[in-house]
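Comments concern the structure below.
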């Protein structure tokens with residue numbers, strides 16, 4: 001009887017998981033203010049469409065997921081507003097089915113040819129610390145809304161090193177970010193490459209692979225396309241966009257006050273336990289951090305703050321331009337992957353309340369960059385697991401270059417920023 005009940009529970013859980021059979025992905029060219037207004041209204045309306053790329057500016061592209069029952073309506077809208085549309089994918093579910101997920105795995109089997117659930121990643125982090133007790137420690141920055149730990153790794157070979165802080169998977173569906181972050185952590189311990197050994201032994205690394213654990217778990221158990229946190233945002237909707245929830249330039253553009261929107265900024269700045277936890281932890285160590293790196297996907301972009309025009313220009317913008325341009329070039333050298341580089345507003349769109357705006361604007365960390373990883377839309381958020389290592393390798397190349405260039409400007413010196 002117990003077995004039957006157990007199987008019934010499993011069956012219900014599996015049946016409840018969202019599927020996206022025959023959902024299409026279309027890339028839209030936004031060319032007029034009228035088109036932009038309509039698409040923004042569509043996004044805010046909670047009408048069944050999902051935007052992978054938010055409609056933000058004229059002369060900008062927007063990627064939208066169209067469910068089968070909306071095909072006719074979608075075609076009518078595109079014709080009515082003369083919006084050019086290219087179909088990128090016929091069946092979103094087929095991308096998800098072939099993504100490469102290892103749902104049941106031991107921490108001893110952990111690697112970078114598959115994606116893993118939260119508990120396996122956390123167990124592997126603990127194992128890395130157990131095997132390297134004098135170098136690696138696991139820290140806990142706080143708890144998520146649903147009570148999960150938000151765990152990080154500190155990698156430190158000696159005292160008085162300058163620091164680099166890596167934040168990833170703040171958006172739940174961006175799995176390649178945490179996979180790349182854990183790969184980088186492992187390389188800092190195991191690689192024999194002299195350039196990586198230099199970074200490992202002369203810099204302290206703080207790496208938070210999954211800042212949004214509730215959302216990440218939800219993408220594995222219920223809806224692969226979930227982006228936000230899981231705290232109720234209204235009587236019918238859940239979650240805020242944690243990367244619109246930080247308390248610097250909050251709600252000054254590119255964020256929504258609609259609790260059902262994917263870009264809902266939260267009811268107040270730092271309303272989400274996850275962002276408040278990062279704020280409290282980072283404030284204690286920020287004086288020792290030379291560079292804050294924020295991993296996202298997708299679009300192949302490398303950017304620096306601010307995400308809102310209300311912030312003006314950062315104080316050392318020219319240094320960011322010089323260092324970032326060198327990083328952009330280095331990314332392309334291994335596999336030919338082409339990234340676009342620049343300020344957030346001019347490179348992608350206005351997006352206020354992001355973590356890097358707060359890190360730069362409040363904590364004044366010297367170098368602050370955000371990556372939008374592979375690809376440019378063929379797979380989008382569903383990047384196949386066989387691209388984890390190449391993505392992480394070219395990212396590591398660019399981090400090596402960042403430190404190299406910043407050192408020429410007097411940063412990353414022992415005992416100082």
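Bear in mind these aren't lab numbers, they're just calculated from the coordinates by the rules spelled out. Just so it is clear, the structure is predicted and the values come from calculations on it, not from any experiment. Virtual Cβ from ideal backbone geometry, glycine too; neighbours counted across all protein chains shown.
Here are some notes:
- Rounded, prolate or oblate (a/c below 1.5 giving rounded, otherwise prolate when a/b exceeds b/c) for segment 19-97 by Cα gyration tensor: prolate
- Just checking the listed ones, 137, 299, 82: in the Gaussian network model of the chain with Cα springs under 10 Å, the one fluctuating most is 82.
- Surface/4 of the Cα convex hull for the chain, nm²: 20.5 nm²
- Ranked 182, 347, criterion: other C-beta atoms within 10 Å, fewest first: 347, 182
- DSSP bridge orientation in the chain - percent antiparallel, rounded to nearest 5: 55 percent
- Taking the average, over residues, of other Cβ atoms within 10 Å as the packing measure, peptides 214-222, 62-70 rank 214-222, 62-70 from highest down.
- Listed peptides 397-403, 20-26 by packing density, highest first (mean Cβ within 10 Å): 397-403, 20-26
- Fewest-first ranking of 183, 226, using other Cβ atoms within 10 Å as the exposure measure: 183, 226
- Separation between Cα centres of segment 355-392 and segment 228-253, rounded to whole Å: 20 Å
- For the residues 133, 305, 162, a GNM of the chain with alpha-carbon springs under 10 Å puts the largest fluctuation on 133.
- Spin-label model, residue 332/residue 60: points 7 Å from Cα along the beta carbon direction are separated by 2.4 nm.
- Here the Gaussian network model covers the chain, with springs between Cα atoms less than 10 Å apart; of 189, 155, 170, 189 fluctuates the most.
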